Amino acid sequence: MADKIRAAIIGLGWPGNEHLKGYLACPHTDVAAICDWDEPLLHRIGDQYGIQRRFVDYREMIACADIDAVSIAVPNYEHAQLAIDCLNAGKHVLCEKPPAMNAQEAERMAAAARANQKVLMYALVMRFGAEVRYVKALVEAGELGQIYLGKAGYTRRRGIPRGKDNWFIDKQRSGGGALIDIGVHALDCVWYLMGTPKPVYVLGSTYHHFGHTVPPEITFDVDDAAMALIRFDNGATLYLEASWAWNLPGGALKQIAGTEGGADLEPFRLFTEKNGVSLDTSLGRDGMPAGYGNAPANPFCGEVAHFADVIRGEAELIATPEQGIQIMQMLDAIYASSLCGHGVRLE
């Protein structure tokens, strides 16, 4: 490998642009090529950032021997095949969320990473925010005690994705709706802070009540809201809610509670006790120790830097293929529980 990791990006929508910025900001990476089927977009981004090598067909791009790593930022239904093709071509892969359409696809992706001895990392970007990194350090140091409760949510009062060719609301291309689109972010963030315990039981409900707000000629066959209760093998429990549309205020919910303290990331507060007195501490970037408050404001930069460090052998991967499988198992189980009307046990 050259002194710098030569990265390429497939998909130049908003997530792909954030990956691009991350690679440009990282001292250990160069952007070697970009790829998108939308040629005007491809050339606009290439011209904007001075990237000369541009591809419409990703297969031609990953055949280039001088590309070391690939970011995949395409619709959900393309994640598995593109990731497997890139891994089989000898490239390290950073794949956008959700990991796949279902757990079976995530298992195939993990198997390809093992077979080719390449890094497969999922772009679970919430893990790289300064607040999450700080709370994670507190948890690992035992400052909050045994973590037994998590509350997670991303909700919108009205925010169904729009557009003529809108794959987000087409189950064949998305795998699901609000749950798999934005709920996965909240689920992963809180599950990560809880220590990624193994899920063993899921009770879930999904709803589709706002289809009338979408033009009838557009396919909208996914959930616009979902709720779930997830129990883990260590006895901990996580509550999850996600919505694109409901008659309540929208917002984010990311909380954990332990036997010695708790944390709320929205807004950022710690809940502890000293000498029998409850203490509520509001924290901003200025209130965190050095190394956290001065982290990159854009968590995509931290995400890409970690990916590069793992490839270079300087860090241990914190968003693993195995965790990607478990995330998809939880999402699959929520949908299955809603369909059957009772809880689902995970093997």
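Values quoted throughout were computed directly from the atomic coordinates according to the rules given, and no laboratory measurement underlies them. Predicted model only: the values in this text are computed from it and were never measured. Cβ atoms come from the backbone with ideal geometry, glycine included; neighbour counts cover every protein chain shown.
Of R127, R158, the sequence from fewest to most neighbouring Cβ atoms within 10 angstrom is R158, R127. Taking amide H as placed 1.01 Å from N in the peptide plane, the amide H of L149 sits under 5 Å from that of T237, A257, each at least 5 places away or on another chain.
Look at the Cα gyration tensor of the range 5-124: its axes a ≥ b ≥ c give a/c of at least 1.5 with a/b over b/c, and that counts as prolate.
Between the amide H of A32 and those of A7, A8, distances stay under 5 Å, these residues lying 5 or more places away or on another chain, with hydrogens modeled in the peptide plane.
Rounded to the nearest whole Hz, the Karplus-based 3J(HN,Hα) values (6.51 cos²θ - 1.76 cosθ + 1.60, θ = phi - 60°) of the range 303-319 follow the sequence 4, 5, 4, 5, 4, 5, 5, 5, 4, 7, x, 9, 8, 8, 4, 10, 10, with x at glycine and proline. Only aspartates and glutamates eight or more places from K4 in sequence, or on another chain, were considered; those with a Cα closer than 16 Å are D30, D66, D68, D309, E314.
I want the local charge near I182. Using Cβ-Cβ distances under 12 Å, sum +1 for each Lys or Arg and -1 for each Asp or Glu among the other residues. My count for the surroundings of I182 gives -3. Ranked by how many other Cβ atoms sit within 10 Å of their own Cβ, fewest first, the residues I45, I5 fall in the order I45, I5.
Near the amide H of F268, within less than 5 Å, lie the amide hydrogens of L283, all on another chain or at least 5 residues away, with H placed in the peptide plane. Its Cα centre serving as origin, the range 172-320 has a Cβ charge dipole (Lys and Arg +1, Asp and Glu -1) of approximately 180 debye. Converting phi to 3J(HN,Hα) with the Karplus coefficients 6.51, -1.76 and 1.60 and the offset θ = phi - 60°, the range 90-107 yields x, 9, 6, 10, 10, 10, 5, 7, x, x, 7, 7, 6, 5, 4, 5, 4, 5 Hz in sequence order, with x at every glycine or proline. Of the peptides 191-200, 89-98, the order by per-residue mean of other Cβ atoms within 10 Å, starting with the highest, comes out as 89-98, 191-200. Here the chain is treated with +1 on each Lys and Arg Cβ and -1 on each Asp and Glu Cβ, and its dipole about the Cα centre works out to around 260 debye. Taken as Cα centroids, the range 1-63 and the range 325-347 sit 36 Å apart, rounded to the nearest whole angstrom. Counting DSSP beta bridges in the chain, what percent are antiparallel, to the nearest 5? Antiparallel bridges: around 60 percent, rounded to the nearest 5. Shown in residue order for the range 171-178 are the 3J(HN,Hα) couplings computed by the Karplus curve 6.51 cos²θ - 1.76 cosθ + 1.60 at θ = phi - 60°: 4, 4, 9, 9, x, x, x, 4 Hz (x for Gly and Pro). Shape class of the chain from the Cα gyration tensor (axes a ≥ b ≥ c, square roots of the eigenvalues): oblate, since a/c reaches 1.5 or more and a/b does not exceed b/c.
In straight-distance terms, cross-link reach from K274 covers every one of the lysines whose alpha-carbon lies under 26 Å from its own, apart from those fewer than eight places away in the same chain; here that gives K136, K151, K254.
Computed from the C-beta positions of L279 and D3, the FRET efficiency with R₀ = 35 Å rounds to 0.10.
Note on the chain: dipole from Cβ charges, positive end direction compared against F55, I311, A252; the farthest Cα belongs to A252.
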